[in-house]
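Here is the structure we will look at.
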Amino acid sequence: MKIPIDAIIAPAKLTHYLLVFHEQDDKSLFLAQAGFTLDNSDMLEKAIRQLITTQDAIWDVENEYGIFYLVEGLLQGVNERQLAVITVWMQVKATSQFRFITLKPARSKS
């Protein structure tokens, strides 16, 4: 199954979380390797949306709020570098709408 292209990606997830340095569980330095910064957060959103058009979503877990799915693949950077990532999505029970939750580096399969 594919995550719908009109799934909600809250701008704050990008500009107040993923692209901002955090002492713990930081993702901004990882994303910066592919050229993603606060100045081009729209490009990160575009890359995430591109990923969900090419990779299938896999059911992960369900709770009282919704069903969580994972989409794993290569995120195309603005500097042509690709990052192996896992994106997390939730299909909200109350509305059936899909929402972007987070992104994390994919672990090496060695």
Query raised in the report: Given the structure, is ILE9 β-branched (Val, Ile, Thr) and in contact with a strand residue (DSSP E or B) (Cβ under 8 Å, 6 or more places away or on another chain)?
Result: yes
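Step by step: first the residues of the stretch 40-79, then only those that are aromatic (Phe, Trp, Tyr) and open to solvent by 40 Å² or more (accessible area, probe 1.4 Å), then the one that is nearest to VAL92 (Cα to Cα). Which residue is that?
Step one: filter the stretch 40-79 for residues aromatic (Phe, Trp, Tyr), giving 59, 65, 68-69.
Subset that is open to solvent by 40 Å² or more (accessible area, probe 1.4 Å): 59, 65.
Numbers: TRP59: 14, TYR65: 6 Å.
So the residue we want is TYR65.
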Query - Residue that is surrounded by the most Cβ atoms within 10 Å (Cβ to Cβ) [pool: residues in the stretch 12-36 that are farther than 21 Å from GLU72 by Cα and of a type outside the set (A, V, I, L, M)] - result: THR15
Report summary line: Those residues of the stretch 18-47 that are farther than 24 Å from ILE58 by Cα and touching a residue at least 40 places away in the same chain (Cβ under 8 Å) come to a total of 4
Report task. Could you list, in sequence order, all residues of the stretch 64-102 that are hydroxyl-bearing (Ser, Thr, Tyr) and either outside any loop (DSSP other than H, G, I, E, B) or at pLDDT below 95 (or both)? Result -> TYR69, THR87, THR102
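Let's see how each residue does on (1) closer than 18 Å to PRO4 by Cβ; (2) over 14 Å from the mean Cα position of the chain (by Cα):
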{"position": "ALA32", "(1), (2)": "no, yes"}
{"position": "GLY35", "(1), (2)": "no, yes"}
{"position": "ILE52", "(1), (2)": "yes, no"}
{"position": "PHE68", "(1), (2)": "yes, no"}
{"position": "ARG81", "(1), (2)": "no, yes"}
{"position": "VAL85", "(1), (2)": "no, no"}
{"position": "ALA94", "(1), (2)": "yes, yes"}
{"position": "PHE100", "(1), (2)": "yes, no"}
{"position": "ALA106", "(1), (2)": "no, no"}
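Mind listing whichever residues of the stretch 97-107 are of a type in the set (Lys, Arg) and open to solvent by less than 30 Å² (accessible area, probe 1.4 Å)?
Those that are of a type in the set (Lys, Arg) and open to solvent by less than 30 Å² (accessible area, probe 1.4 Å): none in the stretch 97-107.
Go through ALA94, ALA84 for me and flag whichever is of a type in the set (A, V, I, L, M, F, W, C), open to solvent by 70 Å² or more (accessible area, probe 1.4 Å) and on the phi < 0 side of the Ramachandran plot.
Only one candidate qualifies: ALA94.
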Report task. Please enumerate the residues belonging to the stretch 5-29 that are of a type in the set (A, V, I, L, M, F, W, C) and either more than 11 Å from LEU103 (Cβ to Cβ) or out of contact with any helix residue (DSSP H, G or I) (no Cβ under 9 Å at 6 or more places or on another chain) (or both). Result -> ILE5, ALA7, ILE8, ALA10, ALA12, VAL20, PHE21, LEU29
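The values are calculated or read from the model by the stated rules, or taken from the named source; none is laboratory data. Just so you know, these numbers come straight off a predicted model, no measurement behind them. Glycine also receives a Cβ, built like all others from the backbone with ideal geometry; neighbour counts cover every protein chain displayed. Just the protein is used for accessible areas: all its heavy atoms, side chains included, with ligands, DNA and RNA removed. Shrake-Rupley method; radii C 1.70, N 1.55, O 1.52, S 1.80 Å.
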